[in-house]
Ligand code: MN
């Protein structure tokens, strides 16, 4: 339902389909995403060095899907660490992801790629923030050379102590000043931390920094079953003029990734039928984008 002239890609996160990214898991994720009608699959690339690039490329061609990737860092590969060796390991880890994405012809890396995705028991220190920004400046330059953009996902306070709101993230990426480094908004996290669903989208877009969007319900389950103020979000997204990638995210204990599911606190079964979940989500997103357009002041 994109506007004429735009090339909006609507994607589905692979964790709707599988928690294992072996041959069988990849096949299930690509097939499910394509059969539900999406344009793009978002792959959680936690282990870039073990990723089966050839098989992934073959599946992308077979199912005609574009690829993006997201991940959250861990303490071992934390670019926002005060320890130089840890920062270097983090940069090497993210550089390996960028190389895999380049081989796959992907355009975007996003997620919590600025720090460990976990509950923190204290605020981030100034040195941690500065180290992370410096590392991201270097990584953005590497990404630029590989034709890739990066989006920093703003997540709730229980998953990072660095970027919890759009305003924080706009300041953070503006200070870094890399043209291919943007802000990645997620409705699930916005619903927890922001004052509303429209203004943060406009603030990021007006700063020229809105680079990636996740659409997830307040309970992480099927779209429309939670408390998210969807009309405000779609209006804001349309007003912002954003025509980039929009990816559906949902997690259930039905599909388990050994570490990712635990980091995200996926303890409950939110759905069993992922094909219906994904098909309904795509219709919900298309309807929202169309409604946002019709709600615009004339
Ligand atoms: Mn997300």
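Only the coordinates and a few stated rules stand behind these numbers; no lab work does. This is a predicted model, so every value here is computed, not measured. Virtual Cβ from ideal backbone geometry, glycine too; neighbours counted across all protein chains shown.
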ask   = In nm, what is the difference between 0.36 nm times the number of residues separating residue 157 and residue 88 and their Cα-Cα distance?
value = 22.3 nm
Relative packing of 111-124, 27-40, 203-216, which averages over residues the other C-beta atoms within 10 Å, highest first = 203-216, 27-40, 111-124
request  = Can you pull the one-decimal nm distance between simple spin-label points at residue 121 and residue 64, each 7 Å off the Cα toward Cβ?
outcome  = 5.3
ask   = On full extension of the chain, what length is gained from residue 103 through residue 175, given 0.36 nm per residue of separation minus the C-alpha to C-alpha distance?
value = 22.9 nm
query = Between Rg and the Kirkwood Rh of the chain, both from Cα atoms, what is the Rg to Rh ratio?
reply = 0.93
request  = Consider just the alpha-carbon atoms of segment 92-224 and return their Rg together with their Dmax, both in angstrom.
outcome  = 14.5, 41
Overall dimensions of segment 1-143 by Cα: Rg and Dmax, Å = 16.5, 49
ask   = Could you list log10 I(q)/I(0) for segment 143-213 at q = 0.11, 0.18, 0.21, 0.24 Å⁻¹, which the Debye formula gives when each Cα is one point scatterer?
value = -0.24, -0.61, -0.81, -1.02
request  = Can you pull the one-decimal nm distance between simple spin-label points at residue 20 and residue 35, each 7 Å off the Cα toward Cβ?
outcome  = 1.8
message = If you consider only alpha-carbon coordinates, what radius of gyration and Dmax does segment 1-84 have, in Å?
response = 15.0, 49
task = Using the number of other C-beta atoms within 10 angstrom as an exposure proxy, rank 10, 41 with the fewest first.
result = 10, 41
query = Along the Cα-to-C-beta direction of residue 291, a point sits 7 Å from the Cα; which residues of segment 26-40 have their amide N less than 16 Å from that point?
reply = none
request  = Kindly give the semi-axes, whole Å and largest first, of the ellipsoid equivalent to segment 177-294, taking each as the square root of 5 times a Cα gyration tensor eigenvalue.
outcome  = 25, 17, 13
